[in-house]
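Visitor: My questions all concern the structure below.
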Amino acid sequence: MKPMSPEYSMDMPSTAGTYTRGRPDSIPTANTATSSRESPSLVGSEAHMIRTMSMIEQFWAYMIWGDLNSEEKNFQHSVLDHVYLFMGERYLIDDIMYLCTHDLLTSVAEYSSHSKTIQVFGNILAGNLDGSAFRYTMLMCDFIKAVDWKEVEDFRAFAHVVYPFMGMEHKIIPVQNQQPPTHGLTWKEFNTSLEEIVTTSSEKIRRKLYSEAETAARFEGYRETVPLMRLARILLISSN
């Protein structure tokens, strides 16, 4: 796994061209039109960061809706591809869509050092984390809100139940068919392992999460397999 950093390049990994709308060779810059960052209605960087957070929240609402409603033929898209699809549906006109997407990605890079939420989002777009990391964070937030916190022991018991990080990878390794850990697992191997470990999770959602992870793993040299570290995060989602 690449080290997490608030510094991002605008050349974030993407499977550009796999979706219908496509992506131009170069993204319009602020010199070609007035971006939202120059809007007189925004006062200072704090207001723009709030706007960036709002856009990220709307995007994740779009992603969660897609977890339940998207067709399997769309599962091959990376999270960054989904950003372009989301912006395309939002702005309709290509020139405006690409300009606003450039504006959003620039803001993510700029404000990552000020917000952990934006930093995690940037790492997901850059491929350092999968989209499953966001889903897991949201799931934990729901659990935390549901607990009536009174004593320190309450948190200890909670952590013991919801943070079983040690050994997640060890549960997956037995189905690797003698392959080295760096080889990763195919979808069939991973799905088989989940059916043995978790019997109640949605196969459609874990297929979607696997596809997102497989797309990101291509930039690490993997082909049609996903490394165990990324699979362990999906297993955490499926276990809760």
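The values are calculated or read from the model by the stated rules, or taken from the named source; none is laboratory data. All values derive from a computational prediction rather than experimental measurement. Backbone-built Cβ (ideal geometry, glycine too); neighbour counts: all protein chains shown. Surface accessibility is based on the protein's heavy atoms, side chains included, excluding ligands, DNA and RNA. Shrake-Rupley method; radii C 1.70, N 1.55, O 1.52, S 1.80 Å.
Visitor: Could you sort HIS114, HIS82 by their accessible area in this structure, using a 1.4 Å probe and putting the largest first?
Guide: So the residues, ranked largest to smallest area, are HIS114, HIS82.
Visitor: A further question on this structure: Please give, to one decimal in nm, the separation of the simple spin-label points placed at SER54 and GLU71, each 7 Å out from Cα toward the Cβ.
Guide: Distance between label points: 3.4 nm.
Visitor: Kindly provide the pair-distance distribution of segment 41-93 built from C-alpha pairs, with 10 Å bins from 0 and whole-percent values in order of increasing distance.
Guide: Pairs per bin, as whole percents: 21, 46, 25, 8, 1.
Visitor: Also: Contour minus end-to-end for LEU139 and PHE158, with contour as 0.36 nm per residue of separation and end-to-end as the Cα-Cα distance?
Guide: 5.5 nm
Visitor: Using 0.36 nm per residue, how much length does the chain from ARG218 to ALA61 gain when fully extended, once their Cα-Cα distance is taken away?
Guide: Gain on extension, ARG218 to ALA61, equals 53.9 nm.
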